[in-house]
């Protein structure tokens with residue numbers, strides 16, 4: 001039985017976008033929140049780009065991030081251009097431009113590290129982020145939760161939130177289906193984590209992420225150099241590129257602010273990999289560069305495929321690569337005083353433009369229900385249940401859409417490829433893409449119009 005004392009101190013495990021957004025939201029509501037991140041320090045080059053959607057922008061403003069800071073790191077997108085095999089133009093749409101006019105919120109490409117910096121800065125100033133703090137065990141009782149760090153230090157909090165991603169270790173402490181992957185810790189009632197994948201599935205697919213600096217300079221590939229276009233090329237995996245904002249840290253050759261460009265290429269691969277190696281391997285540019293060169297050499301890309309120029313122009317140290325893993329959408333997000341957020345609960349394959357935005361929405365909703373519980377003295381488990389009720393169906397639909405998109409994009413048969421190209425061309429040019437984007441945004445827990453007015 002868990003008693004219902006007020007929520008005064010919250011431990012957030014994971015210093016990604018979702019965890020930092022939650023900490024910002026909680027502190028804004030007067031709750032003492034601290035983030036525990038396994039990385040040794042903040043890196044301005046870690047991670048890739050993402051598309052910040054109007055719902056994500058509205059939620060960031062709702063937790064106190066100024067709109068001008070968001071606009072500083074986001075490069076506006078207007079068009080979607082779809083290219084099929086042999087460089088054939090399939091469709092072009094002004095979908096993002098229409099969304100800009102409809103919602104009047106920042107919408108475009110940004111570096112993950114830039115948003116991490118924006119979210120982390122005020123938290124770090126108050127010493128609320130604890131680097132090199134890998135949580136290896138948790139235990140809970142009627143009064144709170146104890147997290148044990150790899151260093152042996154123990155952290156005590158009223159509740160603990162697992163925002164530690166697709167390979168969430170915190171999930172093992174709350175999911176009865178993972179009991180076989182747990183062994184008891186030295187403390188009664190606690191668990192020590194095993195380095196296992198749990199219900200994750202390796203998708204036999206790898207993704208390369210690269211960042212091109214000085215993207216204002218001319219490109220040989222006309223579409224690749226279009227500053228306001230999301231380019232998608234479908235031959236031999238999926239290639240996507242889009243512009244990134246003139247960031248807070250990026251500098252051009254002459255020392256001034258630069259516009260960057262992010263590109264992504266998926267590739268099917270055989271074999272297996274070790275999950276514990278992924279966290280460091282993704283941050284090994286030399287290893288990723290060798291793998292990318294080998295992939296391009298063995299793949300029959302046409303001469304004008306954008307991957308060729310993108311690989312040539314990728315900035316030193318700005319290439320990463322890691323396997324794609326999926327986690328089934330979880331039905332159980334919380335147990336006692338422990339709850340999940342973001343990819344730990346609903347990891348989304350990289351085939352929609354909403355995964356990270358869903359994590360920001362989670363942070364807004366969870367902070368609201370916890371603040372209400374703190375004010376009313378309601379039980380913690382009731383607050384977690386309310387959060388799950390609000391978020392479960394919406395995130396499940398997002399995960400399902402990503403899986404459907406993945407099935408279509410991963411087709412290998414020549415006949416199916418031609419059918420796929422025709423279908424996707426019609427989706428992009430016929431307004432279906434616009435409808436799908438709007439449908440995802442309309443369920444935002446924040447009133448987008450109110451956020452715009454504010």
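Structure values in brief
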item	result
Boolean, residue 157 is buried (at least 22 other Cβ atoms within 10 Å of the Cβ), at negative phi and touching a residue at least 24 places away in the same chain (Cβ under 8 Å)	yes
Test for residue 261: is it modelled with pLDDT of 90 or more, buried (at least 17 other Cβ atoms within 10 Å of the Cβ), touching a helix residue (DSSP H, G or I) at 6+ places or on another chain (Cβ under 7 Å) and at negative phi	no
Subset of region 290-306 (residues that are over 28 Å from residue 402 (Cβ atoms) and surrounded by 16 or more Cβ atoms within 10 Å (Cβ to Cβ))	304
Condition broken by residue 348, with the remaining ones in (1) assigned by TED's automatic domain parsing to the domain that holds residue 163; (2) surrounded by fewer than 24 Cβ atoms within 10 Å (Cβ to Cβ); (3) not in a helix (DSSP H, G or I) satisfied	(2)
Selected residue (criterion: nearest to residue 142 (Cα to Cα)) from residues of region 351-381 that are part of a helix (DSSP H, G or I) and at pLDDT below 90	374
Test: residue in region 95-118 that is farther than 28 Å from residue 51 by Cβ and assigned to a helix (DSSP H, G or I)	no
Looking only at region 307-319, and only at residues there that are in contact with a helix residue (DSSP H, G or I) (Cβ under 9 Å, 6 or more places away or on another chain) and buried (at least 22 other Cβ atoms within 10 Å of the Cβ), the one that is nearest to residue 173 (Cα to Cα)	319
Check on residue 31, within 20 Å of the chain's Cα centre (by Cα) and crowded, with 16+ Cβ neighbours inside 10 Å	no
Residue list for region 326-345, filter: more than 16 Å from the chain's Cα centre (by Cα), surrounded by 22 or more Cβ atoms within 10 Å (Cβ to Cβ) and assigned to a loop (DSSP other than H, G, I, E, B)	330, 333, 337
Subset of region 122-143 that is at pLDDT 95 or above and more than 18 Å from residue 40 (Cβ to Cβ) - its residue that is surrounded by the most Cβ atoms within 10 Å (Cβ to Cβ)	122
Residue 138 farther than 24 Å from residue 434 by Cβ, in a strand (DSSP E or B) and in contact with a strand residue (DSSP E or B) (Cβ under 6 Å, 6 or more places away or on another chain)	yes
Failed criterion for residue 392 (all others in (1) closer than 28 Å to residue 120 by Cα; (2) under 19 Å from the mean Cα position of the chain (by Cα); (3) crowded, with 19+ Cβ neighbours inside 10 Å hold)	(3)
Residue among 52, 60, 82, 89 that is crowded, with 22+ Cβ neighbours inside 10 Å, at negative phi and assigned by TED's automatic domain parsing to the domain that holds residue 434	82
Of all residues making up region 298-325, the number that are without any contact (Cβ under 8 Å) to a residue 40 or more places away in the chain and either more than 17 Å from residue 266 (Cβ to Cβ) or outside any helix (DSSP H, G or I) (or both)	3
Total residues in region 101-119, condition surrounded by fewer than 22 Cβ atoms within 10 Å (Cβ to Cβ) and touching a strand residue (DSSP E or B) at 6+ places or on another chain (Cβ under 7 Å)	1
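A quick yes/no check of all residues on (1) within 22 Å of residue 447 (Cβ to Cβ); (2) surrounded by fewer than 16 Cβ atoms within 10 Å (Cβ to Cβ); (3) out of contact with any helix residue (DSSP H, G or I) (no Cβ under 6 Å at 6 or more places or on another chain); (4) not assigned by TED's automatic domain parsing to the domain that holds residue 332:
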site	(1), (2), (3), (4)
353	yes, no, yes, no
361	yes, no, no, no
367	yes, no, no, no
373	no, no, no, no
384	no, no, yes, no
401	no, no, yes, no
406	no, no, yes, no
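The values are calculated or read from the model by the stated rules, or taken from the named source; none is laboratory data. Not measured: the values here are computed from a predicted model. Please note: Cβ atoms are built from the backbone with ideal geometry, for glycine as well, and neighbour counts cover all protein chains shown.
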